[in-house]
Amino acid sequence: MLKLTYLSHSSFLLDDGTYRLIIDPFLSGNPNAPMKADDITAQFVVLTHAHGDHLGDGLEIAKRHDALVIAVNELANYAASKGARAHNMHIGGAFTFPFGRLKFTIAHHGSSSPEGMYMGEPAGVLISMAGRTVYHTGDTGLFLDMQLIGERDHIDCMIAPIGDNFTMGIDDAVKAVEFVEPDLAIPMHYNTFPVIQADPDLFRKKVEAMGMKARVLQFGETIEL
Ligand code: NI
Ligand code: MN
């Protein structure tokens, strides 16, 4: 059994009862965050890229709990330079961790540290845990290779940005879901800032109109996959 909790923006907790992973833990300074970073416990911190709304509280959480930061090489080195334990990976590579297998995928976006340093390529992430595979696209525009991601792995749950401006908007995100063919699509990266206002129910309705399943999670809501 895999529990998925939406912490707003692009942040999710995955919990299989033994291991807890947090993805892109942007809580401090996030008006929609349902929890404080101090209340998070996790053994793994997965970062799709280094922008402040993704790196967020990641290094503090990692250091507080001696959690392992998992990121592409440049960002993992940055995390290590700040005193966190890190596992360096890169796009296209997978590794089997105690919780399961994790693979980084391409994402079309940027990645820079709070100091403005280049942090390598941004990524999406495929996480196979407790018999389920979750595809968190990271911040990205639409790309046709998403079809390949859906072909290579059966995706139980796809998490895609809908907020537009910095990432896909609703219509491109719906197309992305069509490409990947997940069992369930969940929207993210919306309504945190004025420029990424979007109606997640409109995304859900458009996915459902294709005969596929989507669900809008409340901030702080947990579901079982
Ligand atoms: Ni970003
Ligand atoms: Mn972002």
I'd like to check something: does the stretch 150-163 contain any residue that is within 16 Å of ligand 2 (Cβ to nearest atom), farther than 25 Å from Asp15 by Cβ and buried (at least 19 other Cβ atoms within 10 Å of the Cβ)?
yes
Filtered residue count, the stretch 127-147, keeping only those that are part of a loop (DSSP other than H, G, I, E, B) and more than 16 Å from ligand 2 (Cβ to nearest atom):
5
Pairs where the first residue, in the stretch 28-47, is part of a helix (DSSP H, G or I) and the second is surrounded by 21 or more Cβ atoms within 10 Å (Cβ to Cβ), C-beta under 8 Å, 6+ apart:
Ala37/Pro25; Ala37/Leu27; Ala37/Gly56; Ala37/Asp57; Ala37/Ile61
If Val174 satisfies all but one of (1) within 22 Å of Gly211 (Cα to Cα); (2) out of contact with any strand residue (DSSP E or B) (no Cβ under 6 Å at 6 or more places or on another chain); (3) surrounded by fewer than 24 Cβ atoms within 10 Å (Cβ to Cβ), what's the number of the condition it fails?
(3)
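Every residue, every condition in (1) within 14 Å of ligand 2 (Cβ to nearest atom); (2) closer than 23 Å to Tyr135 by Cα; (3) of a type outside the set (Asp, Glu), yes or no:
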residue: His9; (1), (2), (3): yes, yes, yes
residue: Leu14; (1), (2), (3): no, yes, yes
residue: Ile23; (1), (2), (3): yes, yes, yes
residue: Asp39; (1), (2), (3): no, no, no
residue: Phe44; (1), (2), (3): no, yes, yes
residue: His49; (1), (2), (3): yes, yes, yes
residue: Gly58; (1), (2), (3): yes, yes, yes
Answer yes or no: is there a residue in the stretch 4-11 that is farther than 19 Å from Arg85 by Cα, touching a Leu at 6+ places or on another chain (Cβ under 6 Å) and either in a loop (DSSP other than H, G, I, E, B) or at pLDDT below 95 (or both).
no
Being in a strand (DSSP E or B) and aliphatic (A, V, I, L, M) is the filter; apply it to the stretch 77-126 and report the residue that is nearest to the chain's Cα centre (by Cα).
Val125
Tabulated pairs, the stretch 160-189, first on the phi > 0 side of the Ramachandran plot, second away from ligand 2 (no atom under 16 Å from the Cβ) and part of a loop (DSSP other than H, G, I, E, B), C-beta under 9 angstrom, 6+ apart or interchain
Glu181/His154; Glu181/Ile155; Glu181/Met212
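The values are calculated or read from the model by the stated rules, or taken from the named source; none is laboratory data. What you see is a predicted model, and the numbers here were worked out from it, not measured in a lab. Counting neighbours? That spans all protein chains shown, and the Cβs are built from the backbone with ideal geometry, glycine included.
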